Amino acid sequence: MPPITQTIVDLYDRFTHGALSRREFMERLAATVGGTAAATALLPLLQNNYAVAQTVAENDPRIAISRFQYEIGDAMMNGELAWPAREGRFPGVVVIHENRGLNPHIRDVTRRFALEGFIALGIDVLSPEGGTPADEDRARDMIGQLPPDRAAARLAAGVAALARVQTCNGKVGTVGYCWGGGMVNRIAVLNPPGLAAGVSYYGSQVPADQVERIRTPLMLHYAGNDDRINAGIPAFKAALEWAKKDFELHVYDGAQHAFNNDTNAARYNKPVADLALSRTLAFFRKHLG
């Protein structure tokens, strides 16, 4: 088995973000590692393995789960709601998926936040298009065809809907990963009712001229080995500082894009993911109550 080099990780990143078709990716991977057989053997280590996605069981007695729906215009949005299985009102967290849709990993992340004392909503941004398909490549293509402003509006409506839930305390944070991290930044610009904080994991930045419209605190997590996303950090940071916005920015040296995804053997970084999560939880508890 050839080692997973930075060149291979970068090649896979280009594929997962739509710059290469699967055929082009496999051809380039084969050329990099010395043949089709080696590329085929390496592929499972690069892809998400949802067989290990469940760390919090759906029937865990510590949490409750239900389907959640809300409307935006003529569209019906679907998601999974999870909250602590006890009486009370809880701070809300909208969990925003990567560009593979609401998959088993993100559903599990939603349940993890419920275990931490939040009422968490994992939204399927592809709901009006029929929902997230099982085929990851198809999900990626569908999200790639969805105008970002339309996606952000759908998710922002979910923030407002969650804030209105009786068992929510009315304060909602957003947390998103990869594509979802970029949506966190876009939602902060939209300022939907109830939004009180946002945490973006390796997400694309909004243009500097939109930063003035941000009203809520942000926490920004970036991977050190992520040139594609990190190219936008300097301008975003400068705009946030110039506008005197409340934000924290962390860059984790040596970490890969998607370092939080524990279903991806090639990029998951447990020490970094644990540190980022501890910071995220503290940030939410500070701003959401």
Counting just the residues of the stretch 13-36 that are within 23 Å of Asn99 (Cβ to Cβ) and hydrophobic (A, V, I, L, M, F, W, C), which one comes out modelled with the lowest pLDDT?
Ala19
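So that you can scan it fast, the table gives a plain yes or no per residue for (1) part of a helix (DSSP H, G or I); (2) among the acidic types (Asp, Glu); (3) within 24 Å of the chain's Cα centre (by Cα):
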position: Phe15; (1), (2), (3): yes, no, yes
position: Glu27; (1), (2), (3): yes, yes, no
position: Leu42; (1), (2), (3): yes, no, no
position: Leu81; (1), (2), (3): no, no, yes
position: Val94; (1), (2), (3): no, no, yes
Subset tally (residues that are farther than 21 Å from Ile229 by Cβ, surrounded by fewer than 19 Cβ atoms within 10 Å (Cβ to Cβ) and not polar (S, T, N, Q)) for the stretch 275-286
4
Of residues in the stretch 171-192 being touching a residue at least 60 places away in the same chain (Cβ under 8 Å) and outside any helix (DSSP H, G or I), the one farthest from His17 (Cα to Cα)
Lys171
Any chance Arg140 is at pLDDT below 95 and either more than 26 Å from Ile119 (Cα to Cα) or touching a strand residue (DSSP E or B) at 6+ places or on another chain (Cβ under 7 Å) (or both)
yes
Test: residue in the stretch 195-204 that is farther than 29 Å from Ala163 by Cα, surrounded by 17 or more Cβ atoms within 10 Å (Cβ to Cβ) and assigned by TED's automatic domain parsing to the domain that holds Ala139:
no
Of the residues in the stretch 126-147 that are crowded, with 17+ Cβ neighbours inside 10 Å and in contact (Cβ under 8 Å) with a residue 40 or more places away in the chain, the one that is farthest from Arg164 (Cα to Cα) is Glu136
Within the bounds of the stretch 212-231, is there any residue that is aromatic (Phe, Trp, Tyr), assigned to a loop (DSSP other than H, G, I, E, B), touching a helix residue (DSSP H, G or I) at 6+ places or on another chain (Cβ under 9 Å) and under 27 Å from Ile119 (Cα atoms)?
no
Any chance you could count how many residues in the stretch 243-272 are outside any loop (DSSP other than H, G, I, E, B) and surrounded by 19 or more Cβ atoms within 10 Å (Cβ to Cβ)?
5
So Asn103 clears everything in (1) surrounded by 13 or more Cβ atoms within 10 Å (Cβ to Cβ); (2) more than 26 Å from Asp137 (Cα to Cα); (3) in contact (Cβ under 8 Å) with a residue 40 or more places away in the chain except one condition, right? Which one?
(2)
Ile106 in contact with an Asp or Glu (Cβ under 9 Å, 6 or more places away or on another chain) and modelled with pLDDT of 90 or more
yes
Of the residues in the stretch 50-60, those that are of a type outside the set (Val, Ile, Thr) and surrounded by 14 or more Cβ atoms within 10 Å (Cβ to Cβ) number 4
Starting from the stretch 57-79, keep only residues that are closer than 19 Å to Asp124 by Cβ, then list their pairs with residues that are β-branched (Val, Ile, Thr) whose Cβ atoms are within a distance under 7 Å, requiring at least 6 positions of separation or different chains.
Glu58/Ile65; Met77/Ile123; Gly79/Ile123
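The values are calculated or read from the model by the stated rules, or taken from the named source; none is laboratory data. If you're wondering where the values come from, they're calculated on a predicted model, not measured in any experiment. So basically every Cβ, Gly included, is an ideal-geometry build from the backbone, and we count neighbours across all protein chains shown.
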